[in-house]
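Please treat every number below as a calculation from the coordinates, not as lab data. Just so we're clear, the structure is a prediction, and the values are computed from it rather than from any experiment. Cβ placement follows ideal geometry from the backbone for every residue including glycine, while neighbour counts extend to all protein chains displayed.
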Amino acid sequence: MNKSRLLRGAGIALLGGVLTGSAVKISHAKDALSELAGKYAAKSIGFLTVCSNGCSNSSPILIQLNTASVAQGVADLKGNFCATAEAASSATTGSSSPATVTTKEVTGSVVSYDSVTRQAEVEFSIYSGGQCSGAVFDSTGATLKATGTSHEVFSESGKLIDSIVTSYQSVSGDIAGVVDTERLTRQ
């Protein structure tokens, strides 16, 4: 895999958690659901490890990348969300390659929410192509790039959300590990 393609593909890992905390699916506290639905802006920072020769290889060649992203998205009253994110990534050391910037769509839903601790578990999918229409994802022309989960902590009556990616699976199998944190702000 050439380095430019590798860096472009690696940018999707950062998006795994972007806007994952922007929706809440609540079965026992309907008022909290309406409190947390809305439009959000997000920024994230992290790093990831890419296997340039495939992670299933017995001796994978690992490349660490720094990542950062910004996103805009919408969460609905049913706990679904969709966001468009712009991510940049570059090798941490040993590369003269410029940063790679990618645009991805991130969609998913909250699978559990504790209204007492104001914490949630979220599942998400990352696509190249397709588009968001509010919290609904139109998958026309979209290619699934990754899936994952994140843990969310809500504060300030749902105006701020802090998130961390807890699992990440790339479709191509070339991402060995992701560390990604996000801060979401309701608009």
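Would you list Lys39, Lys104 from fewest to most Cβ contacts within 10 Å? Intermediate values should be presented prior to the final figure.
Working: Lys39 15, Lys104 25.
Final ranking by Cβ density, sparse to dense: Lys39, Lys104.
Report ³J(HN,Hα) in whole Hz for each residue of the stretch 147-160, in order, from the Karplus equation J = 6.51 cos²θ - 1.76 cosθ + 1.60 where θ = phi - 60°; Gly and Pro get x.
Whole-Hz 3J(HN,Hα) from phi for the stretch 147-160: 10, x, 9, 8, 10, 10, 10, 9, 9, 6, 6, x, 6, 10.
Is the C-alpha gyration tensor of the stretch 65-149 telling us rounded, prolate or oblate? Criteria: a/c under 1.5 is rounded; beyond that, a/b larger than b/c is prolate, otherwise oblate. Provide the component values of the computation, followed by the final result.
On the way: a/c = 2.66, a/b = 1.54, b/c = 1.72.
In terms of gyration-tensor shape, oblate.
Per 10 Å bin, what percent of the C-alpha pairs of the stretch 98-187 does each bin hold, from zero upward?
With a bin width of 10 Å, the distribution comes to 15, 42, 35, 8, 0.
Listed highest first by mean packing, meaning other Cβ atoms within 10 Å per residue, what order do 112-120, 148-156, 133-141 come in?
Working: 112-120: 15.4, 148-156: 18.4, 133-141: 13.9.
Order by mean packing, descending: 148-156, 112-120, 133-141.
If you average the sequence gap of Cα pairs under 8 Å that are 6 or more apart and divide by the length of the stretch 27-143, what percent do you get for the contact order? Can you show the working numbers first?
Values: 245 pairs, mean separation 22.8, N = 117.
Once divided by the residue count of the stretch 27-143, the mean separation gives 20 percent.
Treating the beta-carbon of each Lys and Arg as +1 and of each Asp and Glu as -1, no other charges, what is the dipole magnitude of the stretch 62-141 about its Cα centre, to the nearest 20 debye?
With only Lys, Arg, Asp and Glu charged at Cβ, the dipole is about 120 debye.
Which of the peptides 69-75, 166-172 is most tightly packed, and how do the rest follow, going by the mean number of other Cβ atoms within 10 Å of each residue? Walk me through the numbers on the way to the answer.
Details: 69-75: 23.1, 166-172: 16.4.
The peptides rank, most packed first, as 69-75, 166-172.
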